[in-house]
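Data first, discussion second: the structure below is written as structure tokens.
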Amino acid sequence: MPDAPPAPAPLIDVRGLGFARDDVPLFGPLDFSVEAGEALLVQGGNGAGKTTLLRALAGLLDGATGEVRLHGVAAAAAARAGQVAYLGHLPGLKADLGAVENLEYLCGLLGRRAGVDIVQALGIAGLAGYEDTPARNLSAGQRRRLALARLWLSPAQLWLLDEPYANLDLPGIELVNRMVRAHLDAGGAALVTTHGAYAAPPVRTRLLVLDRAEQAA
Amino acid sequence: MSDGAPTLASAARALVVRDLRLLWRRRGDALQPALFAILVVVLFALALGSERDLLARAAPGVLWVAVLLSGLLALDTLFRGDAEDGSLEQWRLAPVPLAWLVLVRTLMHWLTTAVPLLVAVPLLAELMYLPRGLWPVLLAALALGTPLLSLIGAVVSALTVGMRRAGVLLALLALPLYVPVLVFGAGSVAQAAQGHDASGGLLLLAAGLVLALVLAPVAAAGAIRIAAQ
């Protein structure tokens, strides 16, 4: 598209982001940006700092150096609350509550995307028929699907997905890819960590390889 | 955005509904602090013998210590479950202040652990032969003191939330902070028993409660941010 108007500020723009644990640098300094409609695949072996990077971006980690801008506006860690959806290893599901009750609680806390309701999201995640099943009776893969349904309901534009493929069967992996694609098509962006390239969403993807404090982009 | 971002009220409602549902699922657990306090008082009554005067004189202190210890036992459940399943992370990502969620959670915890205990207090007072004329002062002191204990406990509990097992450490950190509450709480009942005006201790408890309502959630939220790195 020649002579397009100046591109809007990238959804997330990271300059010089680094993190050191006990003075041993874990990663960085990293520079990258992700635009709306784009996914960034963060690759690296165990212990390369993928989870730490995502937690730093979500604002869950103090002590990270560098600057993070959301929509071109500098955002301190606390200011990122509500603007990112973080899917980590622990999805915050209460074991004694049913699937719908869990989603009601998390949506009440984190907000809900307009036009998506909870039962619909459960259907998309492949959990139709499990509406009232307590989370403790779901399998690990089904709990992961429940967390994905929560992600689908999130109003945040930027998704931070830490190993979203963990515990999922092949249709589940396909589900993650479908959800990421739909999210990007709707103008969102996603950072996805994975320790291998076996499952990447078929979308416009950039790659960030964390390899013991070195980077490529 | 028909559903919009959560407001303070809607986030609080979500948390309250969740806690009430969890309470209903595990309704047996809700009675445990009250049962514990009853057992402690019974043990005291058995150990001190059946002298009415001695029991009545010891009653304010014994009742307060029983309430305080049962609150201490329940303290570990305040944030631990939410820390272990990742809920605290989602709280921090919510577009409402963490301190607000901490306050709502602490008050719900007080409601579900301390209020059943308050209901049982007349029974405990009767066990200790506490004169019925002192019940209003005792109940007023406990009604002001137990939320204050919960709020102080929230800060300590938040500080230890990153540890796998905080049991004794939690008690070591919390008990010194509980001392003023115990002194003014039990003291006001003892004052009333001697025919003095008990309102001084009660007012101090009320002032402490107001102070803690404002400061404790902020401190606890800061502690959660530090502990859950």
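The values are calculated or read from the model by the stated rules, or taken from the named source; none is laboratory data. Since the structure is predicted, the reported quantities are computational estimates derived from the model, not experimental observations. Because the Cβ atoms are built from the backbone with ideal geometry, glycine has one as well, and the counts that use them run over all protein chains shown.
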Checking B:Arg25 against (1) over 30 Å from B:Gly201 (Cβ atoms); (2) surrounded by fewer than 22 Cβ atoms within 10 Å (Cβ to Cβ); (3) out of contact with any Asp or Glu (no Cβ under 8 Å at 6 or more places or on another chain), which single condition isn't satisfied?
(3)
Some residue of region B:114-123 being buried (at least 18 other Cβ atoms within 10 Å of the Cβ) and free of Cβ contacts under 8 Å to residues at least 60 places away in the same chain
yes
Within the group B:Ala171, B:Ala158, B:Ala125, which residue is away from chain A (no Cβ under 14 Å), among the small types (Gly, Ala, Ser) and either in a loop (DSSP other than H, G, I, E, B) or within 13 Å of B:Leu63 (Cα to Cα) (or both)?
B:Ala125
Hey, A:His71 hits all of (1) buried (at least 21 other Cβ atoms within 10 Å of the Cβ); (2) in contact (Cβ under 8 Å) with a residue 24 or more places away in the chain but one; which does it fall short on?
(1)
Hey, among A:Arg21, A:Arg69, which residue is among the basic types (Lys, Arg) and within 14 Å of another protein chain (Cβ to nearest Cβ)?
A:Arg21
Which listed residue is within 14 Å of another protein chain (Cβ to nearest Cβ) and in contact with a helix residue (DSSP H, G or I) (Cβ under 9 Å, 6 or more places away or on another chain), from B:Leu39, B:Leu8, B:Leu35, B:Leu54:
B:Leu8
Quick one: which of B:Leu88, B:Leu35 is of a type in the set (A, V, I, L, M, F, W, C) and without any contact (Cβ under 8 Å) to a residue 12 or more places away in the chain?
B:Leu35
In region A:72-83, what residues are more than 11 Å from chain B (Cβ to nearest Cβ) and either in a helix (DSSP H, G or I) or touching a Lys or Arg at 6+ places or on another chain (Cβ under 7 Å) (or both)?
A:Ala75
Out of all the residues in region A:107-121, is one or more over 22 Å from B:Arg21 (Cβ atoms), touching a strand residue (DSSP E or B) at 6+ places or on another chain (Cβ under 9 Å) and not polar (S, T, N, Q)?
no
Does region B:66-88 contain any residue that is more than 28 Å from B:Ile224 (Cα to Cα), modelled with pLDDT of 90 or more and away from chain A (no Cβ under 14 Å)?
yes
Please tell me if A:Leu110 is farther than 17 Å from A:Trp159 by Cβ, aliphatic (A, V, I, L, M) and within 9 Å of chain B (Cβ to nearest Cβ).
no
For region A:84-106, indicate whether the set of residues that are of a type in the set (Gly, Ala, Ser), in a helix (DSSP H, G or I) and facing chain B (nearest Cβ under 8 Å) is non-empty.
no
Candidates B:Ala158, B:Ala171, B:Ala207, B:Ala198 - the one that is in contact (Cβ under 8 Å) with a residue 24 or more places away in the chain and over 20 Å from B:Leu75 (Cβ atoms):
B:Ala198
If I go through region A:121-167 residue by residue, how many of them are under 30 Å from A:Gly45 (Cα atoms), in a helix (DSSP H, G or I) and either in contact (Cβ under 8 Å) with a residue 24 or more places away in the chain or outside the structural domain of A:Cys107 (by TED's automatic domain parsing) (or both)?
12
Can you find even one residue in region A:42-59 that is free of Cβ contacts under 8 Å to residues at least 12 places away in the same chain and more than 14 Å from every other protein chain (Cβ to nearest Cβ)?
yes
Provide a single number: the residues in region B:85-99 that are closer than 17 Å to A:Tyr105 by Cα and in a helix (DSSP H, G or I).
8
